[in-house]
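Below: one structure, written as structure tokens.
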Amino acid sequence: MDFKEIKELIKLFDKSELSKLKVKEGEFEVSMGKGLEGVVTVAQSAPSAVAAPVASAPVAPVAAPTPAAEAAPVSGDTINAPMIGTYYEAPSPDSAPFVKVGDTVKAGQTLCILEAMKIMNEVEAEYDCKILKILVDDGEPVEYDMPLFAVEKI
């Protein structure tokens, strides 16, 4: 199962009335459950070197967005989180951020990293744009489809 299929599965599950979903394809397994606030949480298991049964660990619900993020709706174009996870603005704590406010980025350029289940996922620009505002803080948990950047398409 590739990233786009998982992303689509999350969208469908989020819109459904189901509270739990488990999909297994070969040795790959994805389990999803909605927390108390309707937040989708995802647990996935990659194939292991040892042929042992895969057990899903309990998944804690993701923290709700900060009041500041809820109070200021963003108008115009945004780049949204393709998944839930923890937002990181740089590849390591002592590195420079991938982008800063005012930067012009090209399609495919890395904007940030979202960590989910100890896997670092790079978020890339889908189109050429200028970064107008960074809407989340480094190390902050983000939800699926939450705006990360306010941008101006070029």
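The table that follows gives values for the structure above.
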| quantity | calculated |
| --- | --- |
| Ala116 vs. criteria at pLDDT below 95 and over 15 Å from the mean Cα position of the chain (by Cα) | no |
| All positions within segment 107-146 that are assigned to a strand (DSSP E or B) and under 22 Å from Met32 (Cα atoms) | Ile113, Leu114, Glu115, Ala116, Ile119, Met120, Asn121, Glu122, Val123, Pro141, Val142 |
| Leading residue by the ranking (surrounded by the most Cβ atoms within 10 Å (Cβ to Cβ)) among those in segment 10-37 that are assigned to a helix (DSSP H, G or I) and out of contact with any Leu (no Cβ under 8 Å at 6 or more places or on another chain) | Ile10 |
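The values are calculated or read from the model by the stated rules, or taken from the named source; none is laboratory data. These figures come from a predicted structure and were not determined experimentally. No Cβ is skipped: glycine too gets one built from the backbone with ideal geometry, and neighbour counts run over all protein chains shown.
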